[in-house]
Amino acid sequence: MQLQLLLLTFKQSATKMATPRLLLFFFFYISSVCIPSSVGVTLRTTDKIVWANEFEPIELTCVIESISTNNPRIEWKKIKNGVPSYVYFQKKISGDLEHRAQLREPANILIFNTTRSDTAEYRCEVAAIDDQRDFDEILISLAVRVKPVAPRCSVPGSVTVGTSTELRCLENEGFPAPQYRWFQNNEELPQDPKTSLKFANSSYIINPDTGGLKFRRVRKADAGEYYCQARNDAGHAQCPPQKMEVHDVDILGIFLKCFAAVIVFFCLVAFVCHYLRRGCFHKKGSNENNYKWPAQRDGVDYGDADEGHFRHKSSFII
Ligand SMILES: *[C@@H]1O[C@H](CO)[C@@H](O)[C@H](O)[C@H]1NC(C)=O
Ligand SMILES: *[C@@H]1O[C@H](CO)[C@@H](O)[C@H](O)[C@H]1NC(C)=O
């Protein structure tokens, strides 16, 4: 009836080409379609995106704004990586949230102690068979913040003045991914050394996203105990301090090392030469023997003598 009336108004308006009446018509028509009170079940939530801290309770709200059915069917599904599973079904908490959650009137779900695995999308579905519009659903995304654990830090024990070096810091548990800060002797290094009197001459760059602390040219004053802190909205954690020593270019040390190296080299050369010379002498000696005929002849004579002796022995045996 209402629609016919409206259509009639529309026809009249159209024939008269009266724009204000046309607008009035659309206003009435759209409001009659969109105002839900008379139409059926409608859900609402206070937060479509919910952040919770791990090990703390959180309530996902599913407010039923309008309904005529007395005993609607309420279901909650968890959708993780596109795979849905029931968390509230047939008036019971099941699946991942079993014993860890409860349904609170009218259709909210309260998780007593969230864990990182609860990070997912949750869908509240209400079916009201006696209503004209008998179904509505609402999607809520829950993200559980995880406090960082102590990061792994790597600090070089000893570096030389004027060289470059990098200190590293990494933490993998925290969610969302933590931001990193560095401390020298319990004092936080400002993001930009230029902003502080104390560190103005230092050449470091901090990358708060990756945890790197890079010195382009290490100074004496950069020596100290360093630790890094990983921080996100859920909390923070740090690694134990580690000492970085900065030493001068050690000219005496380098000289001594070179000196030692030269000595070792000469010793090696002397040894090799000595060995070779002995080898050569030996070879030369045999040549000399060949050259010295008289001595050689002596040898030959002895050989002959031996041979003769042998022959003699042989004949003796025969
Ligand atoms: C939450 O769960 C964790 C581990 O599952 C437990 O250590 C902690 O005590 C619980 N917190 C509360 C408030 O129950
Ligand atoms: C930084 O360097 C300048 C010039 O070399 C010097 O005057 C100043 O004292 C230094 N500041 C610090 C904090 O070492």
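The values are calculated or read from the model by the stated rules, or taken from the named source; none is laboratory data. Here the structure is a predicted model, which means the values were calculated and not measured. Glycine gets a Cβ as well: all are built from the backbone with ideal geometry, and neighbour counts include every protein chain shown.
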(Q) Of all residues being in a loop (DSSP other than H, G, I, E, B) and touching a residue at least 24 places away in the same chain (Cβ under 8 Å) in the range 78-107, which is surrounded by the most Cβ atoms within 10 Å (Cβ to Cβ)? Just the residue, please. (A) Ala107
(Q) Take the conditions more than 16 Å from ligand 1 (Cβ to nearest atom), surrounded by fewer than 16 Cβ atoms within 10 Å (Cβ to Cβ) and of a type in the set (D, E, K, R) and apply them to Glu75. Does it pass? (A) no
Q) Among the numbered criteria (1) at pLDDT 90 or above; (2) under 30 Å from Lys147 (Cβ atoms); (3) in contact with a Leu (Cβ under 8 Å, 6 or more places away or on another chain), which single criterion is violated by Thr45? A) (1)
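Here's the yes/no breakdown for (1) of a type in the set (Phe, Trp, Tyr); (2) on the phi < 0 side of the Ramachandran plot; (3) in a helix (DSSP H, G or I):
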position: Leu197; (1), (2), (3): no, yes, no
position: Ser202; (1), (2), (3): no, yes, no
position: Leu213; (1), (2), (3): no, yes, no
position: Arg217; (1), (2), (3): no, yes, no
position: Ala221; (1), (2), (3): no, yes, yes
position: Tyr226; (1), (2), (3): yes, yes, no
position: Ala237; (1), (2), (3): no, yes, no
position: Pro240; (1), (2), (3): no, yes, no
Q) Can you name the condition, by its number, that Ser203 falls short on among (1) away from ligand 1 (no atom under 16 Å from the Cβ); (2) within 21 Å of the chain's Cα centre (by Cα)? A) (2)
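Looking at this structure, is Phe183 closer than 30 Å to Phe55 by Cβ and among the aromatic types (Phe, Trp, Tyr)? Reasoning before the result, please.
Values: closer than 30 Å to Phe55 by Cβ: yes; among the aromatic types (Phe, Trp, Tyr): yes.
Here the answer is yes, as Phe183 does meet what is asked.
Condition check ((1) in contact with a helix residue (DSSP H, G or I) (Cβ under 9 Å, 6 or more places away or on another chain); (2) assigned by TED's automatic domain parsing to the domain that holds Thr61; (3) under 30 Å from Ala221 (Cβ atoms)) across all residues:
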site: Gln90; (1), (2), (3): no, yes, no
site: His99; (1), (2), (3): no, yes, no
site: Glu105; (1), (2), (3): no, yes, no
site: Ala120; (1), (2), (3): yes, yes, no
site: Pro156; (1), (2), (3): no, no, yes
